[in-house]
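Visitor: Handing you this structure, nothing more for now.
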Amino acid sequence: MSMTTPLKRARGLGSAHEGAGHFVKQRVTAAANLILSAFAVGLIVSLAGAELATVKATLAHPLVAIALIALIVSMAVHMRIGMQVIIEDYVHGEGTKMLLLLGNTFFAGAIAVVSIFAVLKLSFGS
C-alpha cells in the first residue's frame, strides 16, 4: 500500500519537490556547452596570431557576440546547478547550506554579468 497521493505520482516529484528538473537542465546545458565551447575554441584558434583590427572586427560581428554570450549563460547556469547539487549533498547544517546556496547563486550571476559585459564591450568596441 502506497502512502503517495495520486497527484504526487502524476507530477513525479521527489522529496525535493523539483522532480527531474535539475537533471534535465544539467544535461541540456552540458550539451549546449559542448557545442558552444567547440565554437569558442575554433574562434580562438582562427584568431591566433591575427592583428588586433581583425580580432575586433570578428568580435564585433553580432552572431559571434551572441554565441559567446550564450556560452557564458549556459556555463554559468551549468556551474550553479552543479555546485548546488554538491552543496545540497555534502553540507548538512541548514543555515550554512542556505548561505552557501545563496553565495553560489550570486557568484554564478556575478561571473556571468562580468563576462557578458566584457563580450559586449569588445563587441561594441570602445
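Visitor: Quick check, is I72 touching a helix residue (DSSP H, G or I) at 6+ places or on another chain (Cβ under 8 Å) and either part of a helix (DSSP H, G or I) or at pLDDT 95 or above (or both)?
Guide: yes
Visitor: Taking the condition of being more than 15 Å from the chain's Cα centre (by Cα), small (G, A, S) and within 15 Å of I86 (Cα to Cα), how many residues in the stretch 101-121 meet it?
Guide: 1
Yes or no, residue by residue, for (1) closer than 28 Å to P62 by Cα; (2) free of Cβ contacts under 8 Å to residues at least 40 places away in the same chain:
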{"position": "Q84", "(1), (2)": "no, no"}
{"position": "D89", "(1), (2)": "no, yes"}
{"position": "E94", "(1), (2)": "no, yes"}
{"position": "N104", "(1), (2)": "no, yes"}
{"position": "G109", "(1), (2)": "yes, yes"}
{"position": "V114", "(1), (2)": "yes, yes"}
{"position": "V119", "(1), (2)": "yes, no"}
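Visitor: Same structure again: Given the structure, is V28 surrounded by 10 or more Cβ atoms within 10 Å (Cβ to Cβ) and either over 22 Å from the mean Cα position of the chain (by Cα) or modelled with pLDDT of 90 or more (or both)?
Guide: In short, yes.
Visitor: Looking at the structure I just gave you, is M79 out of contact with any helix residue (DSSP H, G or I) (no Cβ under 9 Å at 6 or more places or on another chain) and surrounded by 12 or more Cβ atoms within 10 Å (Cβ to Cβ)?
Guide: no
The values are calculated or read from the model by the stated rules, or taken from the named source; none is laboratory data. Bear in mind that the values here come from a model prediction, so they are computed numbers and not experimental data. No Cβ is skipped: glycine too gets one built from the backbone with ideal geometry, and neighbour counts run over all protein chains shown.
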